[in-house]
Amino acid sequence: MRVLIISDIHANYTALEAVLKDAGQVDETWCLGDLVGYGPDPNATVEEIRDIPNLTCILGNHDMAVIGKMPLEAFNGEARRSLAYHEKVISASNMSFMRSLSANVKVRGEATLAHGSPRDPLWEYIINGLTARLNFDHFDTPWCFVGHSHVQCIFALNEQNDRVTLDQTQPDHTINLHPRLILNPGSVGQPRDRNPKAAYAIYDTEARTWTPRRAEYNIVEVQDRIRAAGLPEKHAVRIAEGW
Ligand code: ZN
């Protein structure tokens, strides 16, 4: 089975469209959360996600804020401004779709899915060997897919010596999966690994492979919509630079 893995779309509809096109035919799509927050297109993005066949979708911290299950005060000023805007403009049907989902960790075959981390799905960032090591004790499958940090990368646990290594994965370099790994497909709508192209991954459940990929999209068009909506300028600047 060929599975499209996406995360952290952040209301960037143009980037999502580019990823769905670039990915081609897939059997399933697994989304690791943060459909909204930051970007200009919360409704178009959620509608597009709703239309994806064979979808598994968990919520992220930004989604929880927009559906009223987390206080906006938990976010910094600029992130909060976008969330307040999204809360205001999100349609009733998109709101009820999001409310039908949860932020709980899910298991799909050999993979555990979490937004932030398996031990703290909403807030923890797995960004270094220590946080990765602690999280290897919080899932039972051979590998775990997480988002939230917006960095396309892979953490490997060597069970012989209990060491964790971190690799920033190369786009289009297919990785043969082996126990045990934590993999991040990167962010569709707001990459933070200095590569502004939309990030995602293809997971092959039979071959047991993971292919990180990047898709080009029209960033200027999205920046224009961020500015037209009166959202923070920072959100427009960063998507062109990938931070
Ligand atoms: Zn995010």
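The values are calculated or read from the model by the stated rules, or taken from the named source; none is laboratory data. Predicted model, so just to flag it, every value in this text is computed and none were measured. A quick note on method: Cβ atoms are made from the backbone with ideal geometry, for glycine too, and the neighbour counts reach across all protein chains shown.
Odds and ends about this structure:
- Residue that is surrounded by the fewest Cβ atoms within 10 Å (Cβ to Cβ), among those in the range 46-57 that are within 16 Å of Ser100 (Cβ to Cβ) and more than 16 Å from the ligand (Cβ to nearest atom): Asp51
- Against the test of being under 27 Å from Arg2 (Cα atoms) and not hydrophobic (A, V, I, L, M, F, W, C), the options Pro179, Pro232 yield a single qualifying residue, Pro179.
- Only a single criterion out of (1) touching a residue at least 24 places away in the same chain (Cβ under 8 Å); (2) more than 16 Å from the ligand (Cβ to nearest atom); (3) aliphatic (A, V, I, L, M) is not satisfied by Ala92, namely (1).
- Checked against the criteria, Trp123 counts as aromatic (Phe, Trp, Tyr), more than 23 Å from Arg50 (Cβ to Cβ) and in contact with a helix residue (DSSP H, G or I) (Cβ under 8 Å, 6 or more places away or on another chain).
- Scanning the range 26-45 for any residue that is closer than 18 Å to Asn104 by Cβ and among the aliphatic types (A, V, I, L, M) turns up at least one such residue.
- Candidates are the residues of the range 1-11 that are touching a strand residue (DSSP E or B) at 6+ places or on another chain (Cβ under 8 Å) and within 16 Å of the ligand (Cβ to nearest atom); the one that is farthest from Asn76 (Cα to Cα) is Ile5.
- Residue that is farthest from the chain's Cα centre (by Cα), among those in the range 20-45 that are β-branched (Val, Ile, Thr) and away from the ligand (no atom under 15 Å from the Cβ): Val26
- Meets criteria (in contact with a helix residue (DSSP H, G or I) (Cβ under 8 Å, 6 or more places away or on another chain) and of a type in the set (D, E, K, R)) for Asp34: yes
- Residue-level analysis places Gly77 outside the set of residues that are of a type in the set (Gly, Ala, Ser), within 24 Å of His235 (Cα to Cα) and modelled with pLDDT of 95 or more.
- Selection within the range 222-243 - of a type in the set (Gly, Ala, Ser), surrounded by 13 or more Cβ atoms within 10 Å (Cβ to Cβ) and more than 12 Å from Gly39 (Cβ to Cβ): Gly242
- Flag if Ser82 is surrounded by 22 or more Cβ atoms within 10 Å (Cβ to Cβ) and within 18 Å of the chain's Cα centre (by Cα): yes
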